[in-house]
Amino acid sequence: PLPPVPMQGGALPPEEELKATVLQLRETVLQQKETIGSQREAIRELTGKLSRCEGTDGKPAGGPWKKEKGKDTMGDLPRDPAQVIDQLSRTMQTLKDRLESLEHQLRANVSYAALPNDLREMLQRRLGDLERQLLSKVAELEDEKSLLHNETSAHRQKTETALNALLERVSELEKGNSAFKSPDEFKVSLPLRTNYLYGKIKKTLPELYAFTVCLWLRSSASPGIGTPFSYAVPGQANEIVLIEWGNNPIELLINDKVAQLPLFISDGKWHHICITWTTRDGMWEAFQDGEKLGTGENLAPWHPIKPGGVLILGQEQDTVGGRFDATQAFVGEMSQFNIWDRVLKAEDIMNIANCSTNMPGNIIPWVDNNVDVFGGATKWPVETCEERLLDL
């Protein structure tokens, strides 16, 4: 039957009403075609099953199709045609419901693709705006980061420099295994007059045209304190030697040339000794406790000090690094042995001697990891500079 066409009080012209009726008829015809197709399929399926059932009527009662306890002998469809049609209707309704559910899910999944063009363009514009805002914020953060980096680069460089200095200092302490508060606060003790107690400076001298040697020493040995230090090079065992041997005065030897120094240090007290020399006319100066006590010239003039030799504390070398003589060994203690490659001013020497300044030698500084001891010579913490002054 045709569905009734709603009357709208003559609001639509007859042509529009006729068009609406035709569309409704067309939809009805399509629905009926679909229904007829579905029913035909179901009828074919039912006819096949009925044919199979009819082919089993002549089988014995005890066969596999025997009805037990009132159950259906086919196991798939009831034999009553009314029940078959009813079950078929319910199956078709279930399939229809499932089809509608799938269509609903499909529409939900493709909802964005089905959006109007205007809405999609609006969403794209909105996403573009958000992306531009995000990029702008990232650029601002990068600018702030760069500014912060520039502001802190100097501070970071200072911190890294300080850390590197500390690491180098720690490495030096680890290598030297220093047991002293400061690497220069130690003394070398040579208590016996032997030919095997001595100290050795690890560094060697370059070629020198002038030098200043300063050290603190204490000795009461007699006769003579021995050899506080000696420097020997191949071909010349007496390149630089400071020695007080027997009843002779303290002597400075350079290239086996001798100058007697007016120094008196064998009273068992700490004394600060400095000796300067220059190859120009062989000029030399001798300082004791900051005071210049003597000067002279013509000590190995125009002779440069040869490089690459061995510097020994406490022994006089007859060959490079060896053949010591016990009668020339130093007996006592020494500290702060430093060498410069120039002649220090008298005021600098006075400041070092009275403890008002600390000037490590630029050629040989007095540091723990630069001094090795042998044969029973020992290193000990040294008295402070002020305590050594009180001992004078």
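The values are calculated or read from the model by the stated rules, or taken from the named source; none is laboratory data. From a predicted model like this one, the values you see are computed outputs, not experimental measurements. Don't worry about glycine lacking a Cβ; one is built from the backbone with ideal geometry, like all the others, and counts go over all protein chains shown. Ligands, DNA and RNA are stripped out before the accessible areas are found, and what is left, the full protein with its side chains, is counted by its heavy atoms. Shrake-Rupley method; radii C 1.70, N 1.55, O 1.52, S 1.80 Å.
Among the residues of the range 225-283, which ones are among the aliphatic types (A, V, I, L, M) and in contact with a Cys (Cβ under 9 Å, 6 or more places away or on another chain)?
I273, I275, listed by residue number.
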- prompt: Any idea which of V138, V170 is assigned to a helix (DSSP H, G or I), of a type in the set (V, I, T) and modelled with pLDDT of 75 or more?
  reply: V138
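Please state which one of D318, D325, D341, D348 is open to solvent by 30 Å² or more (accessible area, probe 1.4 Å), closer than 13 Å to H272 by Cβ and of a type in the set (D, E, K, R).
On inspection, the qualifying residue turns out to be D348.
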query: Do we have any residue at all in the range 187-210 that's more than 27 Å from M350 (Cβ to Cβ), open to solvent by 50 Å² or more (accessible area, probe 1.4 Å) and modelled with pLDDT under 80?
result: no
task: Collect the residues in the range 244-277 that are of a type in the set (S, T, N, Q) and surrounded by 15 or more Cβ atoms within 10 Å (Cβ to Cβ), keeping them in residue-number order.
output: N255, S266, T276
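How many residues are hydroxyl-bearing (S, T, Y) and open to solvent by less than 50 Å² (accessible area, probe 1.4 Å) when one looks only at the range 278-300?
2
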Hits in the range 351-375 - residues which are of a type in the set (D, E, K, R) and either part of a helix (DSSP H, G or I) or crowded, with 18+ Cβ neighbours inside 10 Å (or both): D368
message: For the list (1) surrounded by 15 or more Cβ atoms within 10 Å (Cβ to Cβ); (2) touching a Leu at 6+ places or on another chain (Cβ under 8 Å), I need the number of the one condition that P307 fails.
response: (1)
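Do you know which of the residues in the range 376-392 that are in a loop (DSSP other than H, G, I, E, B) and touching a Lys or Arg at 6+ places or on another chain (Cβ under 7 Å) is least open to solvent (accessible area, probe 1.4 Å)?
Checking each candidate, the answer is V382.
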